[in-house]
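Notes for the one structure printed next.
The values are calculated or read from the model by the stated rules, or taken from the named source; none is laboratory data. None of the values given here were measured: they were computed from a predicted structure. Don't worry about glycine lacking a Cβ; one is built from the backbone with ideal geometry, like all the others, and counts go over all protein chains shown. Side chains included, ligands, DNA and RNA excluded: accessible areas come from the protein's heavy atoms. Shrake-Rupley method; radii C 1.70, N 1.55, O 1.52, S 1.80 Å.
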Amino acid sequence: MDVVLLDFDLGDEQGSSFLEEARRRRFPGRILMVTAGMGDTVTLRAFESGASGIFLKHSPPAQLIEAIHKIANGEMWLDSRAVRSLVAGAQVKSETEEAAQALTPRERNVLKAVFEGLTNKEIAANLQISESLVKAVMQQLFDKTGVRTRSQLVRIAIEQHAGDWLAES
C-alpha cells in the first residue's frame with residue numbers, strides 16, 4: 001500500500017487541496033498529514049477528504065514510523081493531542097450544518113424559480129436582481145445541499161426538504 005506523507009502547509013497552498021484532488025482521482029493509497037497544528041474544522045475536513053491520519057511534527061520520530069506502519073496496514077492514525085481538535089471540529093460542523101439547513105428568503109425565491117424551469121437570466125429578471133447574484137445564490141444552494149447540478153438540487157429539495165424549503169413562506 002502506498003503511503004503519502006503530506007505536509008499540511010505547502011506555502012501558498014494547503015495540503016487539503018491535494019487531498020481533495022487525490023479523492024477526486026480515486027487515489028488508492030493512504031495519506032498521512034504532517035502538521036505543526038491545524039484548526040478544529042480543518043482537522044475534521046482532512047479526515048472527511050480522505051486523510052488516513054494526522055501526525056504532529058513535534059512528535060518523536062519513533063511515532064512517525066509507527067504512524068506510517070499503521071497507515072500502511074489500513075489503520076487510522078491520530079495523535080492523541082489532536083483528538084480534542086477533531087471532536088471540537090465535529091461539534092462546530094454540526095452546529096454549522098443545523099444553521100445552514102434553513103434557507104434565506106432569497107435562496108427560497110431562487111429555488112422556487114428553478115422549480116419553474118427558469119434560466120438564471122429569467123430568474124434575475126423576475127426577482128429584479130443581477131444574474132451574477134443569481135449564480136452566487138445557486139452556488140450557496142449547491143453548497144448547502146452538497147450537489148453540483150440543478151437537477152440534483154431539485155431532487156434533494158423534493159426528497160429531503162419539501163416540508164420546509166418548498167412550503168409557502
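Checked against (1) open to solvent by 30 Å² or more (accessible area, probe 1.4 Å); (2) part of a helix (DSSP H, G or I); (3) closer than 23 Å to Arg24 by Cβ, Asn109 meets all criteria but (3).
Scanning region 134-160 for residues that are without any contact (Cβ under 8 Å) to a residue 24 or more places away in the chain and surrounded by 12 or more Cβ atoms within 10 Å (Cβ to Cβ) yields Lys135, Ala136, Phe142, Thr145, Val147, Gln152, Arg155, Ile156, Ile158, Gln160. Listed by position, the helices (runs of 4 or more DSSP H) enclosed by region 1-76 that each have at least 1 residues that are over 28 Å from Gly146 (Cα atoms) and either out of contact with any helix residue (DSSP H, G or I) (no Cβ under 8 Å at 6 or more places or on another chain) or in contact (Cβ under 8 Å) with a residue 40 or more places away in the chain (or both) are 61-72. For region 39-68: of the residues being touching a strand residue (DSSP E or B) at 6+ places or on another chain (Cβ under 9 Å) and open to solvent by 30 Å² or more (accessible area, probe 1.4 Å), which is farthest from Asp9 (Cα to Cα)? Result: Glu66.
If only residues of region 1-10 that are open to solvent by 60 Å² or more (accessible area, probe 1.4 Å) and under 15 Å from Val34 (Cβ atoms) are counted, the one that is modelled with the highest pLDDT is Leu5.
For region 115-162, the set of residues classified as basic (Lys, Arg), part of a helix (DSSP H, G or I) and over 17 Å from Pro105 (Cβ atoms) consists of Lys121, Lys135, Arg150, Arg155, listed by residue number. Of all residues in region 112-125, those that are in contact with a helix residue (DSSP H, G or I) (Cβ under 6 Å, 6 or more places away or on another chain) and open to solvent by 60 Å² or more (accessible area, probe 1.4 Å) total 1.
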